[in-house]
Amino acid sequence: IQARADRLQTRSFSPADQSILDRQRQLDRDLRRALGRNQLRLNFQPQVDLKSRNVIGAEALMRWDHPELGPVSPAEFIPLAEETGLIVDLGRWILFEACQQAAAWPSPITVAVNVSPIQFQHVDLAATVANALRSSGLPASRLELEITESSRVTDPGRVHAVMWQLRDLGVRLAIDDFGTGYSSLSYFRDLPFDLVKIDQSFVRDRTSAEDHRLLAAIIELSSKMDKHTIAEGVEDEPTARLLTEMGCTYGQGYYFSRPISGENLCKLLSQPHRQQLIS
Ligand code: C2E
Ligand code: MG
Ligand code: MG
Ligand code: MG
């Protein structure tokens, strides 16, 4: 936050900048407490096999109900937690919580957990994951870790080494938000992952023939490199059908389901006919 304040101060500092900083200071302070006060919880967004439309997994997404500010989006508080290092404690909590819940689900689908690149640098991530699996009893094959590359990775060699340790534990690895930011084609050569998660920008904004061909090319490239693909941000049937035709394996998005509570996911999974979300 101080770094951000310094950055802002290098140009003219407006009252709007001040209120952004004030909010960030408040969020940072409150987030530390939220962890101990049960204000954080997980929602789960179902992931489906595009051909059968069966639910095969669910992504754990963090939710924060701030006592005064109301719901705060992870898009706002995760980057803040990465900046302050709090993501390490937060990330550990999420892993344990997600594994514990998933172990009790009525159907053996996978749980996908987002892991920040900061967690690779500051903790023994493989040991933390092994502990979460052991204490929950969840089989490693039912845990998938979604990894996003970022500018904050100062030591790519370490990320690479930790990914191999995770792979050795038997968990599945997905590259999240593929095609945006810092993800690169060299991943296919260098990193041991199972799944490419296509960023929703490629899935949702298809206005030109080029967009269409780009999406098809990402799926084709992945499949040539023996990776499964999952598309995020699937919002309608034409998109789901197009992705299926293009050979994309899995889909996730509002069309199939919004993120829901663990309780509602359990209800969904215990009704076999409802497991096929849309067909
Ligand atoms: P993400 O991992 O790319 O997650 C997908 C985001 O897209 C989620 O937003 C989800 O609710 C949203 N989404 C899913 N389907 C659709 C759709 O059809 N249309 C639209 N418009 N949006 C859709 P959410 O829950 O706000 O999470 C935002 C980001 O926050 C995540 O992006 C992830 O990077 C981060 N995040 C959330 N929970 C965690 C966590 O526990 N740990 C870490 N490290 N990051 C997390
Ligand atoms: Mg994700
Ligand atoms: Mg994503
Ligand atoms: Mg995304």
Practice task
Any chance you could run the full-extension gain for residue 33 through residue 107? It's 0.36 nm times the residue separation minus the Cα-Cα distance, nm to one decimal.
Solution key: 23.3 nm
Problem - Charge dipole (debye, nearest 20) of the range 20-127; +1 at Cβ of Lys and Arg, -1 at Cβ of Asp and Glu - result: 240
Fill in the blank from the handout: Rounded to two decimals, the Rg over Rh value of the chain from Cα coordinates and the Kirkwood Rh reads 0.97
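Could you give the dipole magnitude of the range 88-169 about its Cα centre, charging the beta-carbon of Lys and Arg +1 and that of Asp and Glu -1, in debye to the nearest 20?
Roughly 120 debye for the range 88-169.
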Handout entry: Projected-area mean, the range 211-263, by convex hull of Cα positions, square nanometres
Key = 4.1
Handout entry: Percent RCO, i.e. relative contact order, over the chain, from Cα pairs under 8 Å lying at least 6 residues apart
Key = 20
Exercise for the section: Could you state the angle between the C-alpha long axis of helix 209-224 and the longest principal axis of the C-alpha atoms of the chain, as a value from 0 to 90 degrees rounded to the nearest 10? Expected result: 80
Exercise for the section: Go through 78-88, 202-212 and give me the packing order, highest mean Cβ count within 10 Å leading. Expected result: 78-88, 202-212
Exercise for the section: Using a 1.4 angstrom probe, figure out how much accessible area the chain has per residue, in square angstrom, rounded to the nearest whole. Expected result: 48
Problem - Cα-based helix-to-principal-axis angle, 87-103 vs the chain, degrees rounded to 10 - result: 30
Fill in the blank from the handout: The correct ranking of 248, 266 by accessible area at 1.4 Å, largest first, is 266, 248
Exercise for the section: Would you calculate a helix-derived [θ] at 222 nm for the chain, using -39,500 (n - 2.57) for each DSSP H run of n ≥ 4 and dividing by the full residue count, to the nearest 500? Expected result: -14500 deg cm²/dmol
Fill in the blank from the handout: In debye to the nearest 20, the charge dipole size for the chain, taken about the Cα centre with +1 at each Lys and Arg Cβ and -1 at each Asp and Glu Cβ, equals 500
Practice task
Using a 1.4 angstrom probe on heavy atoms only, work out the carbon and sulfur share of the accessible area of the range 85-149 in %.
Solution key: 52
Practice task
Take the solvent-accessible surface of the protein heavy atoms, probe 1.4 Å, and return the percent of it on the range 164-231 that carbon and sulfur atoms account for.
Solution key: 50
Practice task
Kindly express, to the nearest 10 degrees and within the range 0 to 90, the angle between helix 125-136's C-alpha long axis and the longest C-alpha principal axis of the chain.
Solution key: 70
Practice task
Set the Förster radius R0 to 41 Å, insert the Cβ-Cβ distance between residue 266 and residue 211 as r into 1/(1 + (r/R0)^6), and round the FRET efficiency to 0.05.
Solution key: 0.65
Exercise for the section: Express the relative contact order of the range 123-200 as a whole percentage, based on alpha carbon pairs under 8 Å and six or more residues apart in sequence. Expected result: 33
Practice task
Among 239, 106, 46, flag the residue with its Cα farthest along the positive direction of the charge dipole of the chain, charges on Cβ as +1 for Lys/Arg and -1 for Asp/Glu.
Solution key: 106
Exercise for the section: Identify all lysines with a Cα-Cα distance to residue 224 below 16 Å; exclude those on the same chain that are fewer than 8 residues away in sequence. Expected result: 197
Exercise for the section: Assuming a ≥ b ≥ c are the square roots of the Cα gyration tensor eigenvalues, decide whether the range 131-279 counts as rounded (a/c under 1.5), prolate (otherwise, with a/b larger than b/c) or oblate. Expected result: oblate
Handout entry: Cα gyration tensor, the range 34-94 - rounded (a/c under 1.5), prolate or oblate
Key = prolate
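The values are calculated or read from the model by the stated rules, or taken from the named source; none is laboratory data. Here the structure is a predicted model, which is why all the values come from computation and not from measurement. Cβ atoms come from the backbone with ideal geometry, glycine included; neighbour counts cover every protein chain shown. We work out accessible area using only protein heavy atoms, side chains counted, and drop any ligands, DNA or RNA first. Shrake-Rupley method; radii C 1.70, N 1.55, O 1.52, S 1.80 Å.
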